[in-house]
Amino acid sequence: MKWILKKIIGSKNERDIKKMRPLVEKINELDESYKSLSDEELQNKTIDFKNRIKNGASLAEIELEAFAVVKNAARRLCGTTVEVCGHDLLWEMIHFDVQLIGGMAIHNGMIAEMATGEGKTLVATLPVYLNALTEKGVHVVTTSDYHSQRDSEWMGHLYKWLGLSVGCLKNMMPPNERREMYLRDITYGTNSEFGFDYLRDNMAYDVEDMVQQKGHNFAIVDEIDSILIDEARTPLIISGPAPYSSTQYSELQPATSKLVKRQRKLCETLLNDAKKLLSQEDYEEASFKLYQVFEGMPKNKQLMNLVEDIEIRKLLEKTKLKMLADTHKEISRELRQELFFTIDEKGHDASLTEKGCTELNPHDPEMYVLPDMLSAMSELDANESLSPDELMNKRKEIQDDFAVRNERIHAVDQLIRAYTIFEKDVDYVVQDNQVVIVDEHTGRLMTGRRWGDGLHQAVEAKENVKIEKETQTLATVTIQNYFRMYEKLSGMTGTAETEADEFHQIYGLDVMVIPTNRPVRRVDLNDQVYKTQREKFRAVVNEIKSAHLRKQPVLVGTVAVETSEVLSKLLKRENIIHNVLNAKNHAREAEIVANAGQPGAVTIATNMAGRGTDIKLGNSVVYLDQEKLNSKEFSLASKVEGKSLQKMLIDNPCGLYVIASERHESRRIDRQLRGRSARQGDPGITRFYVSLEDNLMRLFGSDRISGVMEKLGIKEDEVLEHPMLNNSIEKAQRRVEQQNFMMRKRTLEYDDVMNAQRSEIYDFRSEVLKAENPRSLLMDSIRNCVSAHVIDIQKDNQSKNDFVTWLNSCFPLGISSNEIPFDSPSEDIEEFILKKIENAYLIKAKYEDENSLKNLEKHLILQSIDRHWQEYLRSMDSLRESIGLQAYGQRDPLVEYKREAYNLFMDLMQKIYDEIASSLFRSATSIEAMEEFFKSLSGMRKTTQQSSINPTSAGLNVNLSSADQSNQPQSSGPNRKARRNKKFKKR
Ligand code: ADP
Ligand code: MG
């Protein structure tokens with residue numbers, strides 16, 4: 001029904017595109033009419049547009065004209081050259097109609113989905129130009145430094161001709177240059193450059209050091225899925241060394257490694273037993289053993305080999321299901337208790353069993369067991385013999401003990417994961433004595449990034465390299481929340497459709513699928529499904545070989561660096577010359593890609609996702625009649641010499657052949673890889689090879705697939721190929737996608753809590769930084785601080801005295817209890833005290849240099865903010881950890897988290913104000929100023945008898961170094977300035 005409706009009225013997307021067609025006509029007409037203008041007249045349009053905008057014209061009003069100007073300028077540039085990344089490049093592009101549509105979609109704040117090679121780089125020039133006319137800044141976000149440079153130089157040719165300035169951010173660029181880049185009309189850079197600049201700006205102590213001067217007006221994100229979805233899993237973090245050290249990992253490593261070895265041995269024995277039992281046809285007993293190995297060492301190679309047998313695989317699957325049922329709870333527990341630890345591979349989690357705890361420390365197995373804090377606490381509460389103080393201490397003891405054990409257990413769990421789940425050269429590489437993460441999606445080395453939660457330290461301990469200190473977060477923001485700050489956000493990519501939901505929910509972004517300029521002539525062949533990886537690799541190599549022999553270029557996509565190396569070895573054995581493109585030789589990328597479309601080229605690439613590199617075909621690679629192929633009417637279904645084109649493309653292989661050695665976790669990344677083939681109307685074919693041993697199949701799809709395989713009647717050593725299989729594989733992928741989306745969403749929900757607080761703190765901070773008159777902000781803070789303390793005052797004397805003590809310890813007021821109008825309403829008390837502080841401060845200010853004092857005042861507030869914000873980030877980290885434990889109770893951890901976070905934040909603000917208050921009189925712009933001020937105080941002391949002021953006891957010189965001790969205030973007689981104080985004091 002839905003399908004029929006779609007047929008009749010077209011999808012929403014098609015209708016939207018249709019609506020844009022008349023606009024395209026309009027742009028082309030305008031472009032036509034601009035042809036008669038001189039270069040100068042056309043260039044003057046930029047100034048003209050800017051003026052119109054200043055006079056109130058909206059961007060929508062000038063959109064079509066502006067697009068036509070850009071297109072017209074592009075035409076005029078044809079035949080000129082521009083230097084891009086050190087090479088001269090001939091400009092030969094004029095915007096196609098579909099590119100105009102893409103440009104409109106982007107200007108409207110949507111994601112333009114355009115296939116690889118459709119020229120998205122050029123598409124961006126349209127909305128970039130239009131939006132840059134407002135002079136509020138346009139940021140173009142790319143996936144790598146290389147692309148930022150390439151695109152800014154390449155498209156810069158056009159922008160500059162039109163009279164706009166273009167900047168480009170580079171890694172390690174000094175702040176003054178960055179600032180300069182942000183001040184230009186258009187700024188290119190990677191997401192981390194933009195994001196880290198934002199964080200650094202919010203750590204600056206001088207407005208001059210802030211670089212993002214124009215704020216966040218409009219961002220266009222290239223390869224938007226790569227950035228806003230794949231990279232969005234890890235937040236941007238600026239960190240510094242943590243104040244505490246962690247030596248746990250190296251201490252626990254020897255014991256844990258031994259434990260892992262023992263478990264390995266144990267699993268080998270279990271496997272041998274299982275094999276024996278299987279041969280005796282004792283399936284139940286065997287299935288228990290297999291289950292144990294699966295729980296204890298899910299990545300055990302022997303186990304993987306064993307389950308190549310479909311019967312054994314099914315036996316294990318069934319057992320796993322059975323063990324989840326209530327009836328088998330006890331058995332499964334017993335089975336697991338025979339192991340030293342268990343691993344939940346899907347959840348990436350490890351936990352020690354009782355046996356493991358004993359093995360680790362036979363004398364005190366309890367060392368590795370978390371105490372039951374809740375019952376210990378309620379036991380305490382029930383104990384009536386304890387005084388409140390004792391109770392408090394006991395509670396603290398319990399909490400401390402819990403924390404210490406928790407940390408130790410956590411370290412062991414992470415070490416176990418490091419040994420059993422994280423594989424060298426797949427998940428990470430060791431380089432220059434450092435553990436470097438390999439990005440699971442792009443295969444690139446993520447130098448400098450670290451796994452959180454101690455995992456990185458655990459892997460470092462495992463690899464016996466230097467264990468870096470735990471670091472502390474100084475500033476952090478998720479990619480999601482960074483990009484949500486932009487007034488307008490949009491993007492482009494070859495693959496957004498499968499993630500349209502997430503883009504909409506998280507970013508409010510809609511996807512528009514833009515038709516290709518020429519009909520797509522890519523044939524996606526059915527997946528080839530094998531039972532084992534060995535068979536699969538053999539088939540892949542054979543297929544590469546035959547394509548290579550008939551001189552068809554092949555791009556082999558792999559998921560992991562390891563796979564690309566295995567394939568490379570196999571190809572070497574067959575004497576097939578090939579290039580390998582992965583994290584390890586990323587420097588040669590441009591060169592390798594330039595050759596990848598040449599006849600007979602074989603290129604193995606670890607995940608081409610999000611690379612934004614375009615593989616062009618060599619001259620003799622398209623064997624079919626090129627002219628016919630290029631004609632617009634020619635579609636896949638049309639016939640050549642009585643044969644369908646589709647058939648001909650398969651029979652007469654031409655264009656780029658993409659062979660993938662595995663399906664990726666998400667369909668989108670598969671599509672990205674396929675998209676490397678058949679760009680701009682070229683022919684091409686793609687095919688995925690799958691085995692039941694692939695991670696995706698093992699973890700998410702095996703039972704279904706084996707079900708389908710059964711239905712299709714698969715025999716041993718056969719390859720399977722059927723659309724039904726493609727479907728069920730995609731179902732497995734959908735499950736992974738869903739799971740990953742939920743994870744990102746969860747991360748974001750947590751970050752959202754902090755985000756509101758971050759913006760509040762950052763707003764406060766930048767207000768201070770930019771303030772002409774920081775003193776008023778300073779006094780506001782003091783007011784907040786005093787007001788909180790005034791509210792706390794109770795009727796009794798004790799509380800009043802506490803208040804006075806506090807006052808005198810912070811401020812040199814020398815005030816006594818009976819001076820304060822305690823009986824008045826609290827606003828009046830507040831006002832009274834504030835006046836006194838303000839006056840005292842005025843005196844202090846007199847001794848200071850006016851300009852330096854302004855800086856000092858700013859510094860004082862900023863320092864208090866930063867110190868407590870960082871402390872707050874740390875508390876939030878541990879809050880998140882502890883909140884995880886509460887998930888077992890009836891409460892929703894997120895709600896708990898929000899409540900706790902709110903309390904922490906209130907605390908944070910109070911701490912900031914308190915610190916500002918207590919440092920107000922403890923800092924000075926120079927020793928002399930401080931000294932003079934002290935002198936004046938001692939003068940005050942002589943004249944005000946009741947004064948309890950004692951500068952030293954109030955800690956007035958805490959900010960001065962010990963060398964300055966000699967400058968402590970002396971009770972010398974009042975000098976000129978102090979006399980003025982007297983006057984003031986009397987008033
Ligand atoms: P995408 O980012 O969409 O994969 P690119 O922007 O890298 O594609 O462009 C791919 C190729 O298409 C480039 O070599 C570019 O020169 C070419 N191209 C783009 N637009 C045009 C055009 N309008 N006319 C001619 N060539 C174009
Ligand atoms: Mg691109």
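Which residues, counting only those in the stretch 126-141, are of a type in the set (A, V, I, L, M, F, W, C) and closer than 18 Å to PHE196 by Cα?
Within the stretch 126-141, VAL138, VAL140, VAL141 meet the criteria.
Give the stretch 765-793 a look and list any residue that's exposed (fewer than 12 other Cβ atoms within 10 Å of the Cβ) and over 21 Å from PHE811 (Cα atoms), or say none.
LYS770, GLU772, ASN773, listed by residue number.
Mind listing whichever residues of the stretch 911-930 are more than 14 Å from PRO812 (Cα to Cα) and part of a helix (DSSP H, G or I)?
LYS911, ILE912, TYR913, ASP914, GLU915, ILE916, ILE927, GLU928, ALA929
Look at GLU499 and say whether it is surrounded by fewer than 19 Cβ atoms within 10 Å (Cβ to Cβ) and closer than 30 Å to ARG734 by Cβ.
no
Taking the stretch 300-350 only, how many residues are of a type in the set (Gly, Ala, Ser) and surrounded by fewer than 15 Cβ atoms within 10 Å (Cβ to Cβ)?
So the count comes out to 2.
Return yes or no: is MET114 surrounded by 22 or more Cβ atoms within 10 Å (Cβ to Cβ), touching a helix residue (DSSP H, G or I) at 6+ places or on another chain (Cβ under 7 Å) and either modelled with pLDDT of 90 or more or of a type in the set (A, V, I, L, M, F, W, C) (or both)?
For MET114, the condition - surrounded by 22 or more Cβ atoms within 10 Å (Cβ to Cβ), touching a helix residue (DSSP H, G or I) at 6+ places or on another chain (Cβ under 7 Å) and either modelled with pLDDT of 90 or more or of a type in the set (A, V, I, L, M, F, W, C) (or both) - is met.
Looking at the structure I just gave you, is LYS424 surrounded by 20 or more Cβ atoms within 10 Å (Cβ to Cβ) and more than 16 Å from ligand 2 (Cβ to nearest atom)?
no
Restricting to the stretch 111-125, name every residue that is assigned to a helix (DSSP H, G or I) and near ligand 2 (Cβ under 8 Å from one of its atoms).
If the condition is that a residue be assigned to a helix (DSSP H, G or I) and near ligand 2 (Cβ under 8 Å from one of its atoms), then LYS120, THR121 are the ones that fit.
Looking only at residues in the stretch 191-222 that are of a type in the set (Phe, Trp, Tyr) and surrounded by fewer than 23 Cβ atoms within 10 Å (Cβ to Cβ), which one is farthest from ligand 2 (Cβ to nearest atom)?
Applying the filter and picking the extreme gives TYR205.
Here are some residues: SER226, SER250. Which one is assigned to a helix (DSSP H, G or I) and over 23 Å from the mean Cα position of the chain (by Cα)?
Sole residue among the options that is assigned to a helix (DSSP H, G or I) and over 23 Å from the mean Cα position of the chain (by Cα): SER250.
Go through TYR188, TYR159 for me and flag whichever is over 30 Å from GLY655 (Cβ atoms) and either within 12 Å of ligand 2 (Cβ to nearest atom) or surrounded by 24 or more Cβ atoms within 10 Å (Cβ to Cβ) (or both).
TYR188
Could you check ARG184 against (1) of a type in the set (Lys, Arg); (2) under 14 Å from VAL140 (Cα atoms); (3) in contact (Cβ under 8 Å) with a residue 60 or more places away in the chain and say which number it fails?
(3)
Can you pull out the residues in the stretch 502-532 that are farther than 30 Å from ALA232 by Cβ and surrounded by fewer than 22 Cβ atoms within 10 Å (Cβ to Cβ)?
ASN517, ARG518, PRO519, VAL523, LEU525, ASN526, GLN528, THR532
Residue by residue through the stretch 88-102, note down the ones that are without any contact (Cβ under 8 Å) to a residue 60 or more places away in the chain and within 13 Å of ligand 1 (Cβ to nearest atom).
LEU90, GLU92, MET93, ILE94, HIS95
Are any residues in the stretch 680-701 part of a helix (DSSP H, G or I) and over 29 Å from the mean Cα position of the chain (by Cα), and if so, which ones?
Matches in the stretch 680-701: GLN680, GLY681.
Sort through ALA124, ALA105 and tell me the only one that's crowded, with 24+ Cβ neighbours inside 10 Å and either charged (D, E, K, R) or near ligand 1 (Cβ under 10 Å from one of its atoms) (or both).
Being crowded, with 24+ Cβ neighbours inside 10 Å and either charged (D, E, K, R) or near ligand 1 (Cβ under 10 Å from one of its atoms) (or both) holds for just one of ALA124, ALA105, which is ALA124.
What helices (runs of 4 or more DSSP H) completely inside the stretch 280-330 contain at least 2 residues that are in contact with a strand residue (DSSP E or B) (Cβ under 6 Å, 6 or more places away or on another chain), touching a residue at least 12 places away in the same chain (Cβ under 8 Å) and not hydroxyl-bearing (Ser, Thr, Tyr)?
Because the criterion is at least 2 residues that are in contact with a strand residue (DSSP E or B) (Cβ under 6 Å, 6 or more places away or on another chain), touching a residue at least 12 places away in the same chain (Cβ under 8 Å) and not hydroxyl-bearing (Ser, Thr, Tyr), no helices (runs of 4 or more DSSP H) in the stretch 280-330 meet it.
What helices (runs of 4 or more DSSP H), lying completely within the stretch 1-98, carry at least 2 residues that are closer than 25 Å to PRO519 by Cα and modelled with pLDDT of 95 or more?
Once the helices (runs of 4 or more DSSP H) in the stretch 1-98 are filtered for at least 2 residues that are closer than 25 Å to PRO519 by Cα and modelled with pLDDT of 95 or more, what remains is 12-34, 59-77.
Go through the residues of the stretch 159-168 one by one and say whether even a single one is away from ligand 1 (no atom under 16 Å from the Cβ), without any contact (Cβ under 8 Å) to a residue 60 or more places away in the chain, β-branched (Val, Ile, Thr) and not in a helix (DSSP H, G or I).
Scanning the stretch 159-168 turns up at least one residue that is away from ligand 1 (no atom under 16 Å from the Cβ), without any contact (Cβ under 8 Å) to a residue 60 or more places away in the chain, β-branched (Val, Ile, Thr) and not in a helix (DSSP H, G or I).
Can you find, within the stretch 188-225, the residue that is farthest from ligand 1 (Cβ to nearest atom) among those that are β-branched (Val, Ile, Thr) and over 15 Å from GLY167 (Cβ atoms)?
Across the stretch 188-225, the extreme among qualifying residues is VAL207.
Quick one: LEU813 ticks every box in (1) surrounded by 13 or more Cβ atoms within 10 Å (Cβ to Cβ); (2) in contact (Cβ under 8 Å) with a residue 40 or more places away in the chain; (3) in a helix (DSSP H, G or I) except a single one, so which number is it?
Every listed condition holds for LEU813 apart from (3).
Kindly indicate whether MET297 is over 30 Å from TYR750 (Cβ atoms), surrounded by fewer than 18 Cβ atoms within 10 Å (Cβ to Cβ) and away from ligand 2 (no atom under 16 Å from the Cβ).
No, not satisfied.
So SER148 fits all but one of (1) surrounded by fewer than 19 Cβ atoms within 10 Å (Cβ to Cβ); (2) within 13 Å of ligand 2 (Cβ to nearest atom); (3) closer than 16 Å to ALA219 by Cα; what number is the exception?
(1)
Given the residues PHE764, PHE832, PHE822, PHE811, which is the only one that is within 16 Å of SER918 (Cα to Cα) and among the hydrophobic types (A, V, I, L, M, F, W, C)?
Going through PHE764, PHE832, PHE822, PHE811 in turn, the sole match is PHE811.
So which of ILE437, ILE416, ILE409 ends up being under 22 Å from ILE604 (Cα atoms) and either part of a helix (DSSP H, G or I) or at pLDDT 85 or above (or both)?
ILE437
Can you tell me which residues in the stretch 126-147 are part of a loop (DSSP other than H, G, I, E, B) and under 25 Å from the mean Cα position of the chain (by Cα)?
Result: GLY137, THR143, SER144.
The values are calculated or read from the model by the stated rules, or taken from the named source; none is laboratory data. Remember, it's a predicted structure, so these values are computed and weren't measured experimentally. Every residue, glycine among them, receives a Cβ derived from its backbone with ideal geometry; neighbour counts consider all protein chains shown.
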